[in-house]
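Worksheet: the structure to be examined is printed underneath.
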Amino acid sequence: MKPRISVLVWPLLAHAAAWAAFAWIAFWPFAYRGVSTQPVPRGSGQAPQVIHYSASFIEVNGIGALLPLLLPVVLTALALLAVLYWGPRPWPRSLVLWVLAVLSIAFCVLGMLSFGILFAPAALALVITAIAGTLQAPHLSEPDGPALG
């Protein structure tokens, strides 16, 4: 039995939100902003020159710093795979979905003072996916009906 198309909406939204947050963090050109001044000699009558600068997350931290930020993307991908391919047994799927939702919330809480809060929509969508996966009774799946795939 394959899940109905409506059951797939939340894990797809979670995965899209995780990718959107990841892309925003990685490529947003104003992740780091600053101001500096260039000194001038005393008595020259010139005003110091103010220089504004900005840099992306990758420019400041390097590409390796993006690896931990891929965790929510992987968690949402696993949730999507669980919904798509688990089969007719709903209890292991709901257990996996709840574990993934809790891990996603933990990532948001641990990273809340930094970029973790940007992954909150993906975590919320994973919680809704877990609720839907738990409440989904076997009669809601249609073996021969309009299933995805």
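With labels modelled as points extended 7 Å from the Cα through the Cβ direction, what inter-label distance (nm, one decimal) is found for Ile58 paired with Val40?
3.8
Once the Cα atoms of helix 71-85 and of the chain are each reduced to a long axis, what angle between those two axes, in degrees from 0 to 90 to the nearest 10, is obtained?
Its long axis makes an angle of about 20 degrees.
Given C-alpha coordinates of the chain, what is the ratio Rg to Rh with the Kirkwood estimate of Rh? Could the numbers behind the result be given before it?
Values: Rg = 22.5 Å, Rh = 17.7 Å.
Reported Rg/Rh (Cα atoms, Kirkwood Rh): 1.27.
Tell me, what ³J(HN,Hα) does each residue in the range 10-27 have, in order and in whole Hz, if you take phi through Karplus 6.51 cos²θ - 1.76 cosθ + 1.60 with θ = phi - 60° and put x for Gly and Pro?
5, x, 5, 5, 4, 5, 5, 5, 5, 5, 5, 5, 4, 5, 4, 5, 5, 10
List, in order, the whole-Hz ³J(HN,Hα) value for each residue of the range 120-130 obtained from phi through the Karplus relation with A = 6.51, B = -1.76, C = 1.60 and θ = phi - 60°; use x for Gly and Pro.
4, x, 5, 5, 4, 5, 5, 5, 5, 4, 5
Please give the charge dipole size of the chain, origin at the Cα centre, charges +1 on K and R Cβ atoms and -1 on D and E Cβ atoms. Round to the nearest 20 debye.
Here the chain has a charge dipole of around 140 debye.
Using alpha-carbon pairs under 8 Å, 6+ residues apart, how would you state the relative contact order of the chain in percent? Please report the intermediate quantities before stating the final value.
Numbers: 202 pairs, mean separation 56.1, N = 149.
Here the relative contact order equals 38 percent.
Computed from the coordinates by the stated procedures, all read-outs in this text should not be read as laboratory data. A quick note: this is a predicted structure, and the numbers were derived from the prediction, not measured. Note: ideal-geometry Cβ built from the backbone for every residue, glycine included; neighbour counts use all protein chains shown.
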